[in-house]
1. Enumerate the pairs (first residue in the range 145-163 and part of a helix (DSSP H, G or I); second residue anywhere and basic (Lys, Arg) and open to solvent by 30 Å² or more (accessible area, probe 1.4 Å)) with beta-carbon separation below 8 Å, excluding pairs fewer than 6 apart on the same chain, so at least 6 apart or on different chains.
2. Residues of the range 291-313 being surrounded by fewer than 18 Cβ atoms within 10 Å (Cβ to Cβ), not in a helix (DSSP H, G or I) and not basic (Lys, Arg), which ones?
3. Inside the range 36-66, can you point out the residues that are free of Cβ contacts under 8 Å to residues at least 24 places away in the same chain, assigned to a loop (DSSP other than H, G, I, E, B) and either buried (at least 17 other Cβ atoms within 10 Å of the Cβ) or more than 30 Å from the chain's Cα centre (by Cα) (or both)?
4. Filter the range 67-82 down to the residues that are part of a loop (DSSP other than H, G, I, E, B), of a type outside the set (Gly, Ala, Ser), in contact (Cβ under 8 Å) with a residue 24 or more places away in the chain and surrounded by fewer than 21 Cβ atoms within 10 Å (Cβ to Cβ) and list them by number.
5. Can you confirm whether the range 104-123 contains a residue that is over 30 Å from Thr36 (Cα atoms), among the hydrophobic types (A, V, I, L, M, F, W, C) and under 22 Å from the mean Cα position of the chain (by Cα)?
6. Could you list, in sequence order, all residues of the range 137-159 that are open to solvent by 50 Å² or more (accessible area, probe 1.4 Å) and either among the hydrophobic types (A, V, I, L, M, F, W, C) or within 14 Å of Val98 (Cα to Cα) (or both)?
7. Answer yes or no: is there a residue in the range 187-207 that is over 16 Å from Gly102 (Cβ atoms), among the small types (Gly, Ala, Ser), in contact with a Phe, Trp or Tyr (Cβ under 7 Å, 6 or more places away or on another chain) and not in a loop (DSSP other than H, G, I, E, B).
8. Only one residue in Leu414, Leu394 is open to solvent by 10 Å² or more (accessible area, probe 1.4 Å), under 21 Å from Val110 (Cβ atoms), at pLDDT 95 or above and within 14 Å of the chain's Cα centre (by Cα). Which one?
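The values are calculated or read from the model by the stated rules, or taken from the named source; none is laboratory data. The model shown is predicted, which means the values in this text are computed figures rather than measured ones. Positions of Cβ are backbone-derived with ideal geometry, glycine not excepted, and every protein chain shown enters the neighbour counts. Note: areas computed on protein heavy atoms with side chains; ligands, DNA, RNA excluded. Shrake-Rupley method; radii C 1.70, N 1.55, O 1.52, S 1.80 Å.
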Amino acid sequence: MASSDSDSQLKIVHGDAGYILEDVPHFTDYILNLPTYPNPLRSNPAYSVVKQYFVHMDDTVPQKVVVHKDGPRGVHFRRAGPRQKVYFRSDDVHACIVTCGGLCPGLNTVIREIVCGLSYMYGVNKVLGIDGGYRGFYSKNTITLTPKVVNDIHKRGGTILGTSRGGHDTSKIVDSIQDRGINQVYIIGGDGTQRGATVIYEEVRRRGLKVAIAGIPKTIDNDIPVIDKSFGFDTAVEEAQRAINAAHVEAESIENGIGVVKLMGRYSGFIAMYATLASRDVDCCLIPESPFYLEGKGGLFEFIEKRLKENGHMVIVIAEGAGQDLLTESMQDMDQKDASGNKLLQDVGLWISHKIKDHFARKDKIAINLKYIDPTYMIRAIPSNASDNVYCTLLAQSAVHGAMAGYTGFTSGLVNGRHTYIPFNRIIERQNMVVITDRMWARLLSSTNQPSFLSPKDLDEAKKAEQPPSQLLEGSSCNDIGEAEKKENTFSQLLEGDNFKDQQQSENHADNGIKTIN
């Protein structure tokens, strides 16, 4: 039995034994009688020896890998990969690539592999780079991208296309896409960027254009839901080790030395948590998901005193979004946001360093030596490591295969170790966060031997809270967030609160039911 939500983003297919497929849009949902063509990979010698290279149309990937024998099969996503039939002739493809938001290791690798994938696998030779993020569609020049141009860019940090926050004007962007004759758009960015990609897709569909909109999720914080992890995350954790090691050397080399390291993590503390677990030199890790307090019994200051008496030094890792509630008194601009709609945060690392110094200055018996390290921009700007390079390559190639096969309005992502096509609405519905009642956070507390800083009341509330599973954690201990058919978020609700002011309601299509794609 197949069913479709009233929103064109939600294609839900129900099967036996509680099987649910959250499918992605396809050209055939709103354009009739489209011709198909044999996939050029059939004659590509590189793939001639590969057995069953083309993905079967019924292949799907489960979102939840830990199940019970009598439980429902649960939510699935369409498996990524090449199809036997494509919806573009190679010579007709005119693709473009845009990067938006902050920097992240691996951006250039994704750009390179989209260009090379289109060229080497599908024979596409018309690819444009959009300069400077979303506003580049209508206010800046484009860059012609060829395999030769992008050959060495993966060895550099940043993005050769330039990036920006905000600048999203749906009508102007889609007008530019039409005017330039672009029919494949690859959008690399975080949740705000993917919201922008969502409304671009909706406008393209409203106009009935044969234009594939494919997203590649980018966030160094790993705060995008559904996917196992975001590209650049491994590189960020690895580079964070350098800062932690420096803080440890500084602290260890002087009496009562304290090293404070601030790492990325506006709302999610994954980098801080994994860097702490990997380092083993950290005495205390503070993340946004786990409240802490400074004064009194069981507070941070008491723990610092205890650790200094035991070891003579200590290292504190703090995520940038941690402790923001404690800064409320000094946050005069706490309601201000950047161009991407993110709340502007105070420098919690600098703040907590001053608080620790002030506290011990009032205690004549302990003289401390504190060093504060903020490696944020050093981490963001480096090239991706080998692991992330491979991951970026597969993400990019999956997006190319999906666009050529006629899929649109999707994000390419890794789910339970398999590459999939995920509807935009699932990527932007919430943020992935550390579950502090799960095993991984318990492992960190055990590793650092730090207190949780949670009062019994806070701990009880945390256990009762309905927290979504974190992709990097073990799913068996995460709370169930319910089945997909219970979701009633409309497209407009998903965009509520975002900084895109120019978005308009999309028209409902009479033909947006589930179709069999041959």
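1. Ile153/Arg112; His154/Arg112
2. Selection gives Tyr293, Leu294, Glu295, Gly296, Gly298, Gly299, Gly312.
3. Answer for the range 36-66, where residues must be free of Cβ contacts under 8 Å to residues at least 24 places away in the same chain, assigned to a loop (DSSP other than H, G, I, E, B) and either buried (at least 17 other Cβ atoms within 10 Å of the Cβ) or more than 30 Å from the chain's Cα centre (by Cα) (or both): Ser48, Val49, Val50, Lys51, Gln52.
4. Pro72, Arg73, listed by residue number.
5. Within the range 104-123, one or more residues are over 30 Å from Thr36 (Cα atoms), among the hydrophobic types (A, V, I, L, M, F, W, C) and under 22 Å from the mean Cα position of the chain (by Cα).
6. Within the range 137-159, Tyr138, Ser139, Lys140, Asn141, Ile143, Thr144, Val149 meet the criteria.
7. yes
8. Working: Leu394 fails: within 14 Å of the chain's Cα centre (by Cα).
Checking each option against the conditions leaves just Leu414.
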